[in-house]
Amino acid sequence: MKQTEKTIRESKSRITRRALMLGGIQLGVMGILGERMRKMQLEDSEQYRTMAEGNSVKFRLIPPTRGLIYERNGVLIAGNEQLYRISITREDVDDLDRVMTDLRALIPMTDEQVADIRDELRKRARTVPVTVADRVSWEEFSRVAVNAPSLSGVTPEVGLSRIYPRHDDFAHVLGYVGPVSSYDLSKIPDPSPVLMLPGVQLGKIGVEAKFEEELRGEAGQREVEVNSTGREMRELGRREGTPGENLQLTLDYKLQNFALQRMGDESAACVVLDITNGDVLACASAPSFDANLFVRGISVADYKTLTEDDHRPLADKTVQGLYPPGSTYKPVAALAALEAGLVTPDEKVYCRGYTEIAGRRFHCWKGSGHGWLNMSQSLEQSCDCYYYEMAQRCGIDRMSAMAERLGFGHKPDLPMSAVQDGIAPTRAWKRERFGKDWQVGDSVNASIGQGYVLVSPMQLAIMTARIASGKEIVPHLVKSKNGIEVPRPEMPHMDLPEAMLNNVRRGMDMVVNGTHATAGKSKVVKSEWRMAGKTGSAQVRNITAAERARGVIRNDQLPWRRRDHGLFVCYAPVDNPRYAISVVVEHGSGGATAAAPIARDVMLFALADGLPPLDAYPRSQRGEIEERFSKLNLVDPDLARPSGTSRA
């Protein structure tokens, strides 16, 4: 069909537009290519020249700086120190046998160490550096650096390593770091590449492990030119990493050190809580250990010494240790009976030295008996028979329900390793655990903190703080992260009448300050620091009827492992409670003799914020106290405030 003139003009117009569009696209592509060629020839010419000469450009990760840890006053308790190390990257090594031979001429290495290095190089990716020698001297570092041009793949490095300036004071709480092992990597679902770098350390236990990701930070990156032999020629670019977060704990370094020193050679634990906010001010387990030993690679001899010590220095007794609470459990039984309306504060129960139930005698610690006692007097004199009666009235479920409200049977939410929840037994618990029914005798044993009941020193401190304050005190260990305060948990008032709590508090006051006080020798005479508490002794052996007939063997006549545990809990000042403390002395024989004196000294140190003034002690004890303090190896004793001042 013949086209009209109009149709021909429109067709030509469309063809012209398409030609212009295609031409524009072609010009744009040519411009981009031209710009790329210009950049390659002018700006990147040096990089391509080095590559043409046999050099290459590689990217290296920069290990981040591990975050620091401080105590509440800003004193460093976990830092970093500079060290020198030598690493090797298999990908860059031309002749491994020759390089290892040359290295052995420069730095001392045993055949076993060389074999370990070769094994590690086989296991790791070829691009991952492996540490040849750590913590080398400056002289050794210099020798390797001077000879680096002939040592393909070998890199002398300046790195950082963890250090604990307070040595053993915070070992159990902080834990420690160590080299990243294959086992560590196997437990991490998607391990960060930075964990493959030489010298990088991983938190193994304690706060170091619980806050590993926050403390580790993020790696940086270096762009380096490497020649054909694997030697770094120069750095082409660098992106710094992000340092780990700094943590500040609620612990007080002076109080922590004093508590540990005061426990001395005992196998013991001491916890100090600030009742006003739940801060953990001291959390000391004795004996302790120097965490630096693990960072630097503990020797077989040192590790054997720690593991074979019967006082178990590696165990954190404050949260891992579980003990029968002994008579420190009696305030729990008292509150359970009061709340259920099964006893009044003034009702008296007769103690004749034992209670007979179903033909079995349950003995009081005082064989001749206490006579008639009301609740406050039963706490003051720690009468067992009174609580045997409460157990029969209450039953185990009521007592255990109260124990749970006071912190037993629940794992404290703390960033520490192997925190235990303990046992607040019930009928259902025994049936599930042992397939047996609960017996009246089980309740009787539980009422004096024996039998199935198990608690940690941390839980004992929580119980004491809750009784003293009437609030659901929750322990709090981390004060701030990177200078930003960490919110403390809510601590509402407990659903227990104040009058009911006052009945128990009165009895705990009499334990230390009463006429028949079981802890009277640990009295504080400074009136504004008056202390209340409760003693406890927990048996670790059964006393047979035959032994009772011929006379119970005294603790000091028994082997150490068969002696009773000594426990003491306390709070002060009585009129305005500030601190709650628990002390457990393993196989210490008695709470009044072994644990209470330690707790009193620690309490007075907390109140005075330094060495306690002698006028806080009974006059007859001051010479002994002064001599005791003079033998302690205290940290910064010159920083102790003048006697009589209190913590802000």
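The Cα atoms of the stretch 58-248 cover 52, 35, 32 Å along the three principal axes, with the biggest extent listed first. Taking every C-alpha pair closer than 8 Å and separated by at least 6 residues, the mean separation divided by the residue count of the stretch 58-248 gives a relative contact order of 36 percent.
If I take all pairs of Cα atoms in the chain, what percentage of them are more than 38 Å from each other? Distances greater than 38 Å cover 49 percent of the Cα pairs. With the highest mean first, a sort of the peptides 73-81, 179-187 on other beta-carbon atoms found within 10 angstrom per residue produces 73-81, 179-187. Each peptide in 89-96, 295-302 gets a packing score, the mean of other Cβ atoms within 10 Å over its residues, and the list from highest to lowest is 89-96, 295-302. Values of log10 I(q)/I(0) for the stretch 324-442 across q = 0.12, 0.17 Å⁻¹ run -0.49, -0.91, by the Debye formula with one identical scatterer at each alpha carbon and no solvent. Using a cutoff of 8 angstrom between alpha carbon atoms and counting only pairs six or more residues apart, the relative contact order for the chain works out to 13 percent.
Placing +1 at every Lys and Arg Cβ and -1 at every Asp and Glu Cβ, with all other atoms neutral, what dipole size does the stretch 58-248 have around its Cα centre, in debye to the nearest 20? Computed about the Cα centre, the dipole is about 200 debye. Modelled spin labels at S527 and K436, positioned 7 Å past Cα toward Cβ, are 5.4 nm from each other. For every helix of n ≥ 4 consecutive DSSP H residues, a contribution of -39,500 (n - 2.57) applies; sum these over the chain, divide by its total residues, and give [θ] at 222 nm rounded to the nearest 500 deg cm²/dmol. It lands at -10500 deg cm²/dmol. Could you point to the residue in A608, V343, A517 farthest towards the positive end of the chain's charge dipole, with +1 and -1 charges on the Cβ of Lys/Arg and Asp/Glu respectively? In the chain, that residue is V343.
Calculated on the Cα set of the stretch 486-544, radius of gyration then Dmax: 16.5, 53 Å. Pairs exceeding 18 Å between alpha-carbon atoms, taken from K521/K631; K210/K481; K330/K366: K521/K631.
Values in this text are rule-based calculations from the coordinates and carry no lab data. Treat the numbers as computed from the prediction; the structure is a model and nothing was measured. Backbone-built Cβ (ideal geometry, glycine too); neighbour counts: all protein chains shown.
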